[in-house]
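> The structure that follows is given in the form of structure tokens.
The values are calculated or read from the model by the stated rules, or taken from the named source; none is laboratory data. The shown structure was predicted, so the numbers you read here are calculated from the model rather than taken from an experiment. Heads up, the Cβs are rebuilt from the backbone with ideal geometry, glycines too, and the neighbour counts pull from every protein chain shown.
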Amino acid sequence: MVGPAPALLGPTEIRQLADRLGIRPSKRLGQNFVIDAGTVSRITALAGVRADDVVLEVGPGFGSLTLPLLAAAGRVVAVEVDPALAAQLPRTVADRAPGLAARLEVVTADAARVSELPGEPPTALVANLPYNVAVPVLLHLLATVPSLRRGLVLVQAEVADRMTAAPGSRVYGVPSVKLAWFAAARRAGQVPRSVFWPVPRVDSGLVAFTCREPPDGAARLAAGRPAGGRLADGVRREEVFAVVDAAFAQRRKTLRAALAPWAGSAARAEQLLRGADVDPALRGEALGVADFVRIARAAAAVGGGA
């Protein structure tokens, strides 16, 4: 059941909280807080949060997005690295939405390292991700929280473009391929700079994603994705990602040259590429995630690759 409408936070309330706690946004933590109630309501609506969802929120900060999420979801697990903000969040919810306080679970931790979460497994990720670690945090959570089915994240616009780029695009690269391993992603809108405190020097965008099976039809185990990302034919996610990293380490090189350090030599790289039915003269940006899976499988079959 949808909860009562909470009293959302605006610029004045957030700055008052910051003054009382002695908190100033940290560049090191990538903190740019959303201070516009209309924006967090829009994010919640675009995320399609339902009453049966357990939402994972990363970096809730002062709770501006947490409040509308609590009203829409059955439960919110908020992971906050800043101890002062983590301690304040339950108090803010109790003050502004006392009827929703029981739905909130706060975990004081670095989301890029968290491995276990309390209670029911999260089904959706909705978050304003810190600009400086958005990609590694998202990939880590997709790899370690197999219950996730979909999500909507707010990131730097340039990062959103890279996350959702298709093969052949100028900005297609490592984030594009690795996210495609876990999910189908798309741009879901823009967010103006003016809704943040402090105002960033870059634009922001929303990325929506829907989780899917790993490439090549790998079967999920009962607990979620195959343990360690292993495919049915024995190729692990880590093996595929090693190929991806090597292919984009020097973008302008052909795959034959770019994969030479990974394969042991250019000749060996060409042999593996041809075995995977991939043209050695192509560059990494021409390949989709399934192509990288075939290359890793070819290497695994003959004991090649790093």
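> Of these, A51, A86, which one is under 26 Å from S204 (Cβ atoms) and either in contact (Cβ under 8 Å) with a residue 12 or more places away in the chain or in the same structural domain as G189 (by TED's automatic domain parsing) (or both)?
Working: A51 fails: under 26 Å from S204 (Cβ atoms).
Going through A51, A86 in turn, the sole match is A86.
> Same structure, new question: Take G205 and tell me if it is modelled with pLDDT of 85 or more and either surrounded by 14 or more Cβ atoms within 10 Å (Cβ to Cβ) or touching a Phe, Trp or Tyr at 6+ places or on another chain (Cβ under 6 Å) (or both).
Working: modelled with pLDDT of 85 or more: yes; either surrounded by 14 or more Cβ atoms within 10 Å (Cβ to Cβ) or touching a Phe, Trp or Tyr at 6+ places or on another chain (Cβ under 6 Å) (or both): yes.
Yes, satisfied.
> Being surrounded by fewer than 20 Cβ atoms within 10 Å (Cβ to Cβ) and either over 16 Å from A7 (Cβ atoms) or not assigned by TED's automatic domain parsing to the domain that holds S194 (or both) is the filter here, so list the residues in the stretch 36-48 that pass it.
Scanning the stretch 36-48 gives R42, A45, L46, G48.
> Report, by residue number, each residue of the stretch 279-290 that is surrounded by 22 or more Cβ atoms within 10 Å (Cβ to Cβ) and either out of contact with any Leu (no Cβ under 7 Å at 6 or more places or on another chain) or part of a loop (DSSP other than H, G, I, E, B) (or both).
Of everything in the stretch 279-290, just one residue is surrounded by 22 or more Cβ atoms within 10 Å (Cβ to Cβ) and either out of contact with any Leu (no Cβ under 7 Å at 6 or more places or on another chain) or part of a loop (DSSP other than H, G, I, E, B) (or both), namely L287.
> Going residue by residue through the stretch 270-277, is there one that turns out to be part of a loop (DSSP other than H, G, I, E, B), over 27 Å from the mean Cα position of the chain (by Cα) and surrounded by 16 or more Cβ atoms within 10 Å (Cβ to Cβ)? Break it down stepwise before answering.
So the first thing to find is which residues in the stretch 270-277 are part of a loop (DSSP other than H, G, I, E, B), and the list is 276-277.
Next cut, over 27 Å from the mean Cα position of the chain (by Cα) only: 276-277.
From what's left, surrounded by 16 or more Cβ atoms within 10 Å (Cβ to Cβ): 276.
There is at least one residue in the stretch 270-277 that is part of a loop (DSSP other than H, G, I, E, B), over 27 Å from the mean Cα position of the chain (by Cα) and surrounded by 16 or more Cβ atoms within 10 Å (Cβ to Cβ).
> Working only within the stretch 232-256, note down all residues that are in a helix (DSSP H, G or I) and more than 24 Å from P214 (Cβ to Cβ). Spell out how you get there, then give the answer.
Applying the first criterion (in a helix (DSSP H, G or I)) to the stretch 232-256 yields 237-249, 255-256.
Answer for the stretch 232-256, where residues must be in a helix (DSSP H, G or I) and more than 24 Å from P214 (Cβ to Cβ): just R256.
> As an exercise: evaluate A78 against (1) crowded, with 24+ Cβ neighbours inside 10 Å; (2) in contact (Cβ under 8 Å) with a residue 40 or more places away in the chain; (3) closer than 20 Å to P25 by Cβ and give the number of the one condition it does not meet.
(2)
> I'd like to know if the stretch 94-105 contains one or more residues that are over 11 Å from G61 (Cα atoms) and of a type in the set (D, E). Even if it seems obvious, please write down each step before you answer.
Filtering the stretch 94-105 for residues over 11 Å from G61 (Cα atoms) gives 94-105.
With of a type in the set (D, E) added as a condition, the list becomes 95, 105.
There is at least one residue in the stretch 94-105 that is over 11 Å from G61 (Cα atoms) and of a type in the set (D, E).
> Restricting attention to the stretch 257-267, which residues are surrounded by fewer than 20 Cβ atoms within 10 Å (Cβ to Cβ) and part of a helix (DSSP H, G or I)?
First, the residues of the stretch 257-267 that are surrounded by fewer than 20 Cβ atoms within 10 Å (Cβ to Cβ): 257, 260-261, 264-267.
Hits for the stretch 257-267 are A257, A260, P261, A266, A267.
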